[in-house]
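S.K.: Dropping the structure in here first, questions after.
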Amino acid sequence: MRADVQLSKEVELFLEELRCIRQFSPHTLKAYQQDLIKLHNFINLNNISWDLVQGHHIRVWVSKLHANGLSARSLARMISSWRTFFEWLVLEGPRLFSYTMLLNPVQGLRPPKKAKSLPKALSVEYAQVLMERAKQEAYCKSVIDDSNNGKASWILQRDHAMIELLYSSGLRLSEILGINYFQTQAYAKDSSGWVDWASAEVTVLGKGNKRRIVPIGKEAMRALVLWRDCRQEQLKASDGPLFINEKLTRLSPRTVQARLKQLALRSGLPVHVHPHMLRHSFASHVLQSSHDLRAVQEMLGHVSIGSTQIYTALDFQHLAQVYDMAHPRAKAEKI
């Protein structure tokens, strides 16, 4: 909680419920807190109590934030947070605060339309270049010695296995960092994820604390097995995180982001590559090959099929490019 903002008891109790009862992630809690701080400030500025907030108040406040440059995407998230908060207040107000709020003032309010931005994915060719470079640096002595800036060679093997798994299974960065060496009885409930080495599958804990099982491709599995043996030499313990840093503890997100960025530069790719781009690339490439939207949805862990459908636009772009290059009448004749 921000030390410079004294939130009302309503907001404090709501955030506490999100944390303790609904078990929202720290990232989601932080987003709710930031959105409700804006609402709290408007309440104080207008000297109005929560139960007297009306729809016209909300519309004015949203308009002011929009005029001050808040993006449509941020406004949509903020309105959703406010709506959820007031829904809770309508239900819990009489019991907790001795007042009754009859209607949710945010109900029916639509956020400004936001421009649809397509996820950035690597081409199949660029993805192959990236994977091959990681493999060469990890196992080929002919690759230049300074590719790892003097770090231990096992770090390159770790990077190779990690990047192969990101692209092979479409995992989020948080999911791959939560994977343990394997699941033991002691870790059965606490593990965020683990690899089933026999069946070539990975179990991860995704958004909303929902577990899913995703297959691992042959190349990624081969890299993981090699890394497993290498890891055992560095860290004798058979439990703990699968991917470790130089201190033999769990990797941080920033380390993965930096390592992948450096690898892409050494690979000669003309784009900035980050971990989530490999997830987008996985979804786009699998959809291009299989056209099975439901299967991609399951592997990505999307609750709504709408979240997965955005990749069909990427697939159409690919088909349009092929058409433009291949069809004899795709381009207008010069006059």
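S.K.: When residues of region 95-112 are filtered for being exposed (fewer than 11 other Cβ atoms within 10 Å of the Cβ) and either basic (Lys, Arg) or at negative phi (or both), how many remain? Please lay out each step first, then the result.
M.R.: Step one: list which residues in region 95-112 are exposed (fewer than 11 other Cβ atoms within 10 Å of the Cβ), which gives 95, 98, 100, 102, 108, 110.
Checking the rest, the ones that are also either basic (Lys, Arg) or at negative phi (or both) come to 95, 100, 102, 110.
Number satisfying all stated conditions: 4.
S.K.: Also, I was wondering about something else. Is at least one residue of region 45-58 part of a helix (DSSP H, G or I), among the small types (Gly, Ala, Ser) and under 28 Å from the mean Cα position of the chain (by Cα)? Steps first, please.
M.R.: Start the filter on region 45-58 by keeping residues that are part of a helix (DSSP H, G or I), which leaves 45-46, 50-52, 55-58.
Filter once more, so that each one left must be among the small types (Gly, Ala, Ser): 55.
Among the residues that remain, those that are also under 28 Å from the mean Cα position of the chain (by Cα) are: none.
There is no residue in region 45-58 that is part of a helix (DSSP H, G or I), among the small types (Gly, Ala, Ser) and under 28 Å from the mean Cα position of the chain (by Cα).
S.K.: Further question on the same structure: Would you check which residues across region 19-33 are surrounded by fewer than 17 Cβ atoms within 10 Å (Cβ to Cβ), assigned to a helix (DSSP H, G or I) and more than 19 Å from the chain's Cα centre (by Cα) and list them?
M.R.: Arg19, Cys20
Residues are listed down the side, and each one gets a yes or a no for (1) open to solvent by less than 60 Å² (accessible area, probe 1.4 Å); (2) in contact with a Ser or Thr (Cβ under 6 Å, 6 or more places away or on another chain); (3) over 23 Å from Trp194 (Cα atoms); (4) at pLDDT 95 or above:
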| position | (1), (2), (3), (4) |
| --- | --- |
| Lys261 | no, no, yes, yes |
| Leu278 | yes, no, no, yes |
| Met299 | yes, no, no, no |
| His302 | yes, yes, no, no |
| Thr308 | yes, no, yes, no |
| Ala313 | yes, no, yes, no |
| Met325 | no, no, yes, no |
| Arg329 | no, no, yes, no |
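S.K.: Show the residue pairs that are 6+ apart or on different chains and have beta-carbon atoms under 6 Å apart, the first residue being within region 229-251 and without any contact (Cβ under 8 Å) to a residue 60 or more places away in the chain, the second being open to solvent by 60 Å² or more (accessible area, probe 1.4 Å) and hydroxyl-bearing (Ser, Thr, Tyr).
M.R.: From region 229-251, no pairs qualify.
S.K.: Could you list, in sequence order, all residues of region 208-248 that are open to solvent by 30 Å² or more (accessible area, probe 1.4 Å) and touching a His at 6+ places or on another chain (Cβ under 9 Å)?
M.R.: Across region 208-248, the qualifying residue is only Leu226.
S.K.: Another question, then. Does any residue of region 39-60 turn out to be within 30 Å of Leu205 (Cα to Cα) and open to solvent by 90 Å² or more (accessible area, probe 1.4 Å)?
M.R.: The answer is no; no qualifying residue exists.
S.K.: For region 72-119, give me each residue that is touching a helix residue (DSSP H, G or I) at 6+ places or on another chain (Cβ under 6 Å) and closer than 30 Å to His285 by Cβ.
M.R.: Of everything in region 72-119, those that are touching a helix residue (DSSP H, G or I) at 6+ places or on another chain (Cβ under 6 Å) and closer than 30 Å to His285 by Cβ turn out to be Lys114, Leu118, Pro119.
S.K.: Inspect all residues belonging to region 157-173 and state whether any of them is farther than 21 Å from Gln297 by Cβ, in a helix (DSSP H, G or I), at pLDDT 85 or above and polar (S, T, N, Q).
M.R.: Initially, region 157-173 is screened for residues farther than 21 Å from Gln297 by Cβ, giving 157-164.
Those still in the list that are in a helix (DSSP H, G or I) too: 157-164.
Subsequent filtering for residues that are at pLDDT 85 or above retains 157-164.
So of that shortlist, the ones also polar (S, T, N, Q) come out as 157.
Looking for residues that are farther than 21 Å from Gln297 by Cβ, in a helix (DSSP H, G or I), at pLDDT 85 or above and polar (S, T, N, Q), one finds at least one in region 157-173, hence yes.
S.K.: Continuing with the same structure: Does His66 fit the bill of being open to solvent by 50 Å² or more (accessible area, probe 1.4 Å), more than 30 Å from Val273 (Cβ to Cβ) and part of a helix (DSSP H, G or I)? Explain how you work it out, then say what you get.
M.R.: Details: open to solvent by 50 Å² or more (accessible area, probe 1.4 Å): yes; more than 30 Å from Val273 (Cβ to Cβ): yes; part of a helix (DSSP H, G or I): yes.
Yes.
S.K.: Right, here's the next one. Quick check, is Glu92 open to solvent by less than 50 Å² (accessible area, probe 1.4 Å), among the charged types (D, E, K, R) and in a helix (DSSP H, G or I)? Give the derivation first.
M.R.: Numbers: open to solvent by less than 50 Å² (accessible area, probe 1.4 Å): yes; among the charged types (D, E, K, R): yes; in a helix (DSSP H, G or I): yes.
It is true that Glu92 is open to solvent by less than 50 Å² (accessible area, probe 1.4 Å), among the charged types (D, E, K, R) and in a helix (DSSP H, G or I).
S.K.: Here's a follow-up. Mind checking which residues of region 214-270 are part of a loop (DSSP other than H, G, I, E, B), farther than 23 Å from Gly301 by Cα and small (Gly, Ala, Ser)?
M.R.: Ala237, Ser238, Gly240, Gly268
The values are calculated or read from the model by the stated rules, or taken from the named source; none is laboratory data. Here the structure is a predicted model, which means the values were calculated and not measured. Ideal geometry is used to build each Cβ from the backbone, glycine not excepted, and the neighbour counts take in all protein chains shown. Each accessible area value is taken on the protein alone, full model and side chains, heavy atoms only, with ligands, DNA and RNA left out. Shrake-Rupley method; radii C 1.70, N 1.55, O 1.52, S 1.80 Å.
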